[in-house]
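Derivation of every value follows stated rules applied to the coordinates shown; laboratory data play no part. All values derive from a computational prediction rather than experimental measurement. Here the Cβ positions follow ideal geometry from the backbone for every residue, glycine too, while neighbour counts run over all protein chains shown.
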Amino acid sequence: MIRKWWHDKTAYQIYPKSFCDSNGDGVGDIQGIISRLDYLKSLGVDIIWISPCYPSPWADQGYDISDYYNVDPRFGTMDDMDQLIREARRRDMYILMDLVVNHCSDEHEWFRKACEDPDGKFGKYFYIEDMDPSGGVPCNWRSAFGGSVWEPLPGHPDKCYLHIFHKKQPDLNWENPEVREEVYDIIKWWMERGIAGFRIDAIIDIKKALPFRDYEAGRDDGLCDISAMLENAEGIGEFLGEMRDVAFAPYKALTIGEVFNEKYDELEDFIGENGYFSSMFDFSHVVEGQSRLGCYAHRRIGVDDYKRCVFAAQKRIGDTGFFSNVIENHDRPRAASYYLPESGRTEAGKKCLALAYFMLRGLPFIYQGQEIGMENTVFSSPYEFDDIGTIGEYHVSIDAGLSEEEAMKVASLYSRDNARTPMQWNDGHNAGFSEADPWLPVNPNHKLINANEQTERSDSVYSFYRQLIALRKDPEYRETLVWGDFEPAYEDREGLIAYCRRADRNLLILANLKSEPEKIDIGCEYRILLDNLDPVITHKDETQRSIQLQAWQGVLLELIHPAFEKKHKIG
Ligand code: GLC
């Protein structure tokens, strides 16, 4: 595969509302991000994806954009944004904006004009349909946050518009070439300002299976999950190929797709040599265990499920392209709280999990706070949820017959708010995030878990992430850790994530993600490059051919048998 400048980089996601508040209004902002660039640089971060900071009514926390050519005044000004792009560049860092163009906000002027004149130019920017006289809507699709995708068009009780997400997020009609032109103009405008590219939101949803029709209902509400429609939508490639050629390619934009529900054989089209995007997230483990009935029916996955999913994804992608690897983002619970059982929710467990995913083939992403080991927060009543998705899931659980206590438990575990609590900078007032009361309360555990404490200690989770990033960039190991083959090892051992990365070196990653020790016969001599239980280890030679891993111990070994051959399978 052709090598790209970003392959050996590390990416970091900032959720601007919760990262750092510079002006004391309880909401993070762009100057706050600028003030923390050196923190990120020192961690080893190169690429920064910023979740939406455009003007927005914040119905879905900025994923409902009312003006694509500005920043929300609560985050700062365009001058601040230009300064951020410059300051990042000065540090050899790259900014990715979030491109949210499946839908806009109902407060965007396009939608306002569409409501004024549904038959005019802007009416055609959206999916606006007639309702039948009895109020019937065109089809039975369910929106991502609950209820029908159809909502009466304001001012026109005989018409309705489509929203796959919240009703304040009307879908843009990509079948209309004028809409696509608008999108390409937005992309070009931001690229001209000096950003490196985009993370691309909910992109699979832009192609609808038309004409509208019902699919089999999945719940008592008579509605079908939107994925039923997506399975039947053909031809998204025409839109995505055009966007690549017209808007991304001239700028050599780095583009990371948020792609769910792609068809199995489409991977090459999406992120192969001339793919629509540079990369896309591997969400195989995110969707695993999910039920169309709602969170209450999800099966919570463990370490072995995670391993099965990502190993299958790594085998599937092979050398076709480069996945982006994540264990956290703003839509997920914190990884330590979700993937690790209580006994593993320690610094050792968090580092071990970090090692397991970070050395997979692909571009590693870190979500803000993950590098200091942040965990899920505590909710004691449904009124404490801020996220529309979580509130919806709470009610779905109640409707399905769960008690209030059970519904709280489900919603708390999966709540997107877990990842959105303010970044924990120190153990002081509001965790050092803001002088004012933050928009979402800080996690009470900031007294123990915070960046100040983490950066001062050489055996902290933060220091371990720093080591992981540095090792992946080390000229001695980069070839292997970035571009080397992925090869599963000891695959049938429970609670063990083990794989080789092979190129000019033979490296073996062993992550013992369980409470019991595990003895492993390596079959050749090795040296330990990284050990989560002994942070000072560097290049420690072992003469033994086996290793006894402690509970929650993760090591990265270089295999040094002189006659070691690629054909020799480990495990
Ligand atoms: C993406 C975002 C999520 C948002 C949704 C609608 O999945 O990551 O936060 O709610 O799109 O824009």
Quiz item: All other residues with a Cβ under 13 Å from the Cβ of MET93 taken together, and with Lys, Arg as +1 and Asp, Glu as -1, what is their net charge?
Solution: +3
Self-check item: Extension gain from ASP437 to GLU268, taking 0.36 nm per residue of separation minus the Cα-Cα distance
Solution: 56.1 nm
Quiz item: Among TRP425, TRP552, what is the fewest-to-most ranking by other Cβ atoms within 10 Å?
Solution: TRP425, TRP552
Quiz item: Treating the beta-carbon of each Lys and Arg as +1 and of each Asp and Glu as -1, no other charges, what is the dipole magnitude of the range 109-162 about its Cα centre, to the nearest 20 debye?
Solution: 220
Quiz prompt | Alpha-carbon centroids, the range 119-146 and the range 180-239: separation in whole Å | solution = 16
Exercise. Evaluate the distance, in nm, between pseudo-label points positioned 7 Å from the Cα of ASP474 and of ASP399 along their respective Cα→Cβ axes.
Key: 5.4
Practice problem: Write down the percent of antiparallel bridges among all DSSP beta bridges whose residues are both part of the chain, to the nearest 5. | Solution: 60
Exercise. Please list, or write none, the aspartates and glutamates whose alpha carbon is within less than 13 Å of the alpha carbon of LYS252, excluding same-chain residues fewer than 8 places away.
Key: GLU192
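Rounded to the nearest 20 Debye, what is the dipole magnitude of the chain about its Cα centre when Lys and Arg each give +1 and Asp and Glu each give -1 at the C-beta?
With only Lys, Arg, Asp and Glu charged at Cβ, the dipole is about 1980 debye.
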Self-check item: Entries in LYS351/LYS473; LYS208/LYS307; LYS124/LYS168; LYS113/LYS188 that, when Cα-Cα distance is taken, lie over 22 Å
Solution: LYS208/LYS307; LYS113/LYS188
Quiz item: Which FRET efficiency value, to the nearest 0.05, do you get for VAL378 and TYR39 by plugging their Cβ-Cβ distance into 1/(1 + (r/R0)^6) with R0 = 25 Å?
Solution: 0.40
Quiz item: Under a Cβ-Cβ cut-off of 10 Å, what is the net charge of the residues other than GLU347 that fall near it, where Lys and Arg count +1 and Asp and Glu count -1?
Solution: +3
Quiz prompt | Within-14-Å neighbourhood charge of GLN13 [Cβ basis; K, R +1; D, E -1] | solution = +1
Quiz item: Which whole-number percent is the relative contact order of the chain (Cα, under 8 Å, 6+ apart)?
Solution: 13
Quiz item: So how compact is the chain: Cα radius of gyration and Dmax in angstrom?
Solution: 23.9, 81
Quiz item: Can you give the helix-only mean residue ellipticity at 222 nm for the chain, where every DSSP H stretch with n ≥ 4 adds -39500 (n - 2.57) and the sum goes over all residues, rounded to the nearest 500 deg cm²/dmol?
Solution: -7500 deg cm²/dmol
Quiz item: Sequence-distant or interchain residues sharing an amide H contact under 5 Å with LEU254, placed H: which?
Solution: GLY197, PHE198
Quiz item: Assigning unit charges at the beta carbon (Lys, Arg +1; Asp, Glu -1) and nothing else, what dipole magnitude in debye, to the nearest 20, does the range 359-454 show about its Cα centre?
Solution: 400
Quiz item: Which listed residue (SER546, ILE30, TYR499) has the Cα farthest towards the positive end of the charge dipole for the chain, taking +1 on Lys and Arg C-beta and -1 on Asp and Glu C-beta about the Cα centre?
Solution: SER546
Quiz item: What value does the range 109-162 have for Rg/Rh, both radii from Cα atoms and Rh as Kirkwood defines it?
Solution: 0.97
